[in-house]
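**Student:** I have a structure I would like to understand better, so I am pasting it below and will then ask my questions one at a time.
The values are calculated or read from the model by the stated rules, or taken from the named source; none is laboratory data. As the structure is a computational prediction, the values presented were derived from the model and not from experiment. Cβ sites come from the backbone with ideal geometry, for glycine too, and all protein chains shown count toward neighbours. Surface accessibility is based on the protein's heavy atoms, side chains included, excluding ligands, DNA and RNA. Shrake-Rupley method; radii C 1.70, N 1.55, O 1.52, S 1.80 Å.
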Amino acid sequence: PITPIITLVDTFRKLHPDAKSVGTGGGFEGRADGKKMDYVFVQPNAEVISAKLIRTERGGRYPSDHSPVSAEVRLIKDQTLEAESSGPSCLPVMILAVYICILLFAN
């Protein structure tokens, strides 16, 4: 069987198509001047509720050499893929290069 090609879009660009300074490879310095290289991808019909680039720092220190990205989405079942699938229905969503950082700071 032929697997259908799934089109994906960047959640951040869906909500903020003209945003500037969106680089996510800040090299532990929080820079935003480079390329955006971290994404949350969804199908075009997904409702993007929020999408953020997280630039949390403490005392000028950053937890990663990349700025984490986050998105809140409402997924829509794709009837086309369900009809073409011979197996159980599923919601194909791909999330690539998503960094989840939990920062714990002592008071």
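**Student:** Among the residues of region 48-64, how many are more than 16 Å from Ser21 (Cα to Cα) and part of a loop (DSSP other than H, G, I, E, B)?
**Tutor:** Adding up the residues that qualify gives 6.
**Student:** How many residues are of a type in the set (Gly, Ala, Ser) and closer than 22 Å to Glu29 by Cα when one looks only at region 39-62?
**Tutor:** To start, the set of residues in region 39-62 that are of a type in the set (Gly, Ala, Ser) comprises 46, 50-51, 59-60.
After this cut, where a residue has to be closer than 22 Å to Glu29 by Cα as well, the list is 51, 59-60.
Within region 39-62, residues that are of a type in the set (Gly, Ala, Ser) and closer than 22 Å to Glu29 by Cα number 3.
**Student:** Could you grab me the full set of residues in region 38-66 that are in contact (Cβ under 8 Å) with a residue 24 or more places away in the chain and open to solvent by 70 Å² or more (accessible area, probe 1.4 Å)?
**Tutor:** Once the filter is applied, which keeps residues that are in contact (Cβ under 8 Å) with a residue 24 or more places away in the chain and open to solvent by 70 Å² or more (accessible area, probe 1.4 Å), region 38-66 yields Asn45, Glu47, Ile49, Lys52, Arg55, Glu57, Arg58, Arg61.
**Student:** Here are some residues: Arg13, Arg58. Which one is of a type outside the set (Asp, Glu) and more than 29 Å from Leu75 (Cα to Cα)?
**Tutor:** None of the other options fit; the residue is Arg58.
**Student:** Also, quick follow-up: Restricting to region 67-87, and then to whatever is buried (at least 16 other Cβ atoms within 10 Å of the Cβ) and at pLDDT below 85, can you tell me which residue is nearest to the chain's Cα centre (by Cα)? If you could, list the steps in order and put the result at the bottom.
**Tutor:** Initially, region 67-87 is screened for residues buried (at least 16 other Cβ atoms within 10 Å of the Cβ), giving 67-71, 73, 78, 81.
Subset that is at pLDDT below 85: 78, 81.
On the way: Asp78: 20, Leu81: 22 Å.
Within region 67-87, the match that is nearest to the chain's Cα centre (by Cα) is Asp78.
**Student:** May I pose another question? Out of the residues in region 4-37 that are within 21 Å of Asp65 (Cα to Cα) and touching a Phe, Trp or Tyr at 6+ places or on another chain (Cβ under 6 Å), which is surrounded by the most Cβ atoms within 10 Å (Cβ to Cβ)?
**Tutor:** Asp10
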